[in-house]
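Below is one structure, written out as structure tokens; comments come after it.
The values are calculated or read from the model by the stated rules, or taken from the named source; none is laboratory data. On a predicted model such as this, the values are computed, not experimentally measured, just so you know. Here Cβ is always computed from backbone atoms with ideal geometry, including for glycine, and neighbour counts include all displayed protein chains.
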Amino acid sequence: MKISPFMFALATMICWGVAPIFGKGAMLRIDPWMGLAMRSFVISLIMLIWVIVTGHIHQLFRIELSTWALICSEGILASLLGHLTYFYAIKYGMISRVIPIASAFPLVALMGGLFLFSERVSWERLVGAIMIIVGIIIIRR
């Protein structure tokens, strides 16, 4: 059975919607740096076990250096800097205001796709982007 990208997107939405609740609870007790370190350690351990158990560990050594550079850059921006600032935001802010603003990252990706990959922007995507911007303005008040 093939799962559609839409179903994966819905699963992502649920995971990313529930996760801040746990994160906010943890941030009431610990420093954001410690939270990110703990989370990164657990995720790294799980992924290492997964790669070993599935027999894909040898693939790590065949990946081109340029691909490593791109994935490491993505990881530093998303998993290190992005999540660190996210933890600070939920520690000191209300998740009901922080999450919608942080979740507007598709605007940045839309611009990147447009300028770096020459992706076309449809009217539907443009209207969606405008709605995101209006939503941020409303929430910010």
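Observations on the model:
- Test: residue in region 100-113 that is farther than 20 Å from Gly135 by Cβ and either of a type outside the set (A, V, I, L, M) or touching a residue at least 60 places away in the same chain (Cβ under 8 Å) (or both): yes
- Residue check for Ser118: polar (S, T, N, Q), farther than 23 Å from Arg39 by Cβ and either part of a helix (DSSP H, G or I) or free of Cβ contacts under 8 Å to residues at least 24 places away in the same chain (or both): yes
- Evaluating Gly55 against the criteria (1) in a helix (DSSP H, G or I); (2) farther than 30 Å from Gly17 by Cα leaves one unmet condition, (1).
- Within region 63-75, no residue that is in the same structural domain as Ser44 (by TED's automatic domain parsing) sits with its Cβ atom under 9 Å from a residue that is among the aromatic types (Phe, Trp, Tyr) at 6+ positions apart or across chains.
- The set of residues in region 70-96 that are surrounded by fewer than 15 Cβ atoms within 10 Å (Cβ to Cβ) and of a type in the set (D, E, K, R) contains only Glu74.
- Comparison of Gly25, Gly35 shows that the only residue that is touching a helix residue (DSSP H, G or I) at 6+ places or on another chain (Cβ under 6 Å) and in a helix (DSSP H, G or I) is Gly35.
- Restricting region 23-41 to residues that are more than 15 Å from Leu80 (Cβ to Cβ) and surrounded by fewer than 12 Cβ atoms within 10 Å (Cβ to Cβ), the residue that is nearest to the chain's Cα centre (by Cα) is Gly25.
- Residues in region 111-135 that are of a type in the set (Val, Ile, Thr) and either assigned by TED's automatic domain parsing to the domain that holds Leu28 or exposed (fewer than 15 other Cβ atoms within 10 Å of the Cβ) (or both): Val121, Val127, Ile130, Ile133, Val134.
- The selection criterion, being surrounded by fewer than 10 Cβ atoms within 10 Å (Cβ to Cβ) and either among the acidic types (Asp, Glu) or part of a helix (DSSP H, G or I) (or both), does not hold for Ser44.
- Remark: Met111 matches the filter, which requires a residue to be in a helix (DSSP H, G or I), among the hydrophobic types (A, V, I, L, M, F, W, C) and more than 23 Å from Cys15 (Cα to Cα).
- Any hit, region 46-69, residues being closer than 23 Å to Ala89 by Cα and either in contact with a Cys (Cβ under 8 Å, 6 or more places away or on another chain) or at pLDDT 90 or above (or both): no
- Single unsatisfied condition, Val108 versus (1) surrounded by 10 or more Cβ atoms within 10 Å (Cβ to Cβ); (2) within 17 Å of the chain's Cα centre (by Cα): (1)
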